[in-house]
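Notes follow once the structure below has been shown.
The values are calculated or read from the model by the stated rules, or taken from the named source; none is laboratory data. This is a predicted model, so every value here is computed, not measured. Counting neighbours? That spans all protein chains shown, and the Cβs are built from the backbone with ideal geometry, glycine included. For the accessible areas, the whole protein counts, side chains as well, though only heavy atoms, and no ligand, DNA or RNA atoms are used. Shrake-Rupley method; radii C 1.70, N 1.55, O 1.52, S 1.80 Å.
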Amino acid sequence: DLRKSWGRGFEVQSSYTWSTAEDTTQNSTFFSDSTTATTSAMPEFIPGYNKGLSDFHAEHNWVGTFIWQVPQAGGLPAVAGALLNGWQVSGIVRMRSGSPLTAFLQTNRSRSLWSPSLGPGTGPDRPSYAPGRGPGDAVTGDPTRWFDPAAFVLQPAGTFGNVGRNELIGPDLRTLDVAFSRRMAVKAFGSNGRIDLRAEIFNVFNRVNFGPPSLVAFSGAADGEAPLSSFGQIRSTITSARQMQIGVRI
C-alpha cells in the first residue's frame, strides 16, 4: 500500500495484493443443492479431490486512486479563465486477475449418487484432461471459446474425472474511471452560494470485461461424446461499456 497525502494539489493511493486462497468447498451454486443454498462438501471418495482455489481467489489485485488540482493558467481572457481554471481531476483504476473456474458434467457420470451432482450443471462431477493436456494449456483466452475443447475428454462411467476444482482461470478485469469537477462561488445565491460542475467517464478505454464462460463440458450421457458446442462460450460482461454523465448542482 503506497500513499501520497495531499500536497501541491496532488494526492495518490495505490493498493496491490498478491495472494492465494484455497479450500475444499465454497460456492453453493457449484457444490450444494442450489435450491436450498446450503453449502455441502462432496464426500472425499478420493483424498484431496475437492481441494482447490477458493471462489473469491484473485492472484493479483491492484486498485489505484488519484486527485489532481489542475494548476491555474495565467494570461487568459476573463471568459476563458473562468471556463478553464479551477478544475480538479480524479480517477480510480482497477486491475484484477481472473476468477477460478471449474469444468462440469451435466449428469452424475461418476454414479456417486451424491445429491448435488444430480442437478444439471450444479454438481461436482468433472471431466478429465486429454492425454498430455492440463490447466496450463486448456484455456485459450478467446471469449468465443475460452476453453480448448480438445483439452477435455469424458471419463469412463463410474469414475471421477481428473480436472481439478477451480484450477481453470477466467477473464481478468481492467477498468479506469475519471471525473472532472469544479466548484464556483456565486454571490447571487448568498454567502455560501455555489455551483458544482461534474463530468464523469466510466470505463474510459471502453474495455470489454468478460463474464464467466459456460462451464458444462459434456452431457455425460454416453461414452465417446464430443464436448458441448456451448462449452467455453462467454455471453455476458461484468462491466458496462464506456458511459459518460454530466451533473450540475446549485
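Principal axis lengths of the range 185-250 from Cα atoms, whole Å, largest first?
Per principal axis, max minus min of the Cα coordinates gives 81, 20, 9 Å.
Run the dipole for the chain about the Cα centre, Lys and Arg Cβ at +1, Asp and Glu Cβ at -1, nothing else charged, and hand back the magnitude in debye, nearest 20.
1360
Over the range 92-222, calculate the relative contact order: mean separation of alpha carbon pairs under 8 Å at least 6 apart, over the residue count, as a percent.
34
Give, in whole angstrom and from largest to smallest, the semi-axes √(5λ) of the equivalent ellipsoid of the chain, with λ running over the eigenvalues of the Cα gyration tensor.
For the chain, the semi-axes come out at 52, 17, 17 Å.
What is the projected area of the convex hull of the Cα atoms of the range 106-244, averaged over all directions, in nm²?
Mean projected area of the Cα convex hull: 12.5 nm².
Picking from GLN155, GLN13, GLN72, which is most flexible by a Gaussian network model of the chain using Cα springs under 10 Å?
GLN72
Largest first, what is the accessible-area ranking of ILE92, ILE238, ILE246 with a 1.4 Å probe?
Largest accessible area first, the list is ILE246, ILE238, ILE92.
Which Cα, out of ASN61, ALA138, LEU84, lies furthest along the positive dipole direction of the chain (beta carbon charges, K/R +1, D/E -1)?
LEU84
For the range 181-236, give the magnitude of the charge dipole about the Cα centre (Cβ charges: +1 Lys/Arg, -1 Asp/Glu; no others), in debye to the nearest 20.
My answer is approximately 840 debye.
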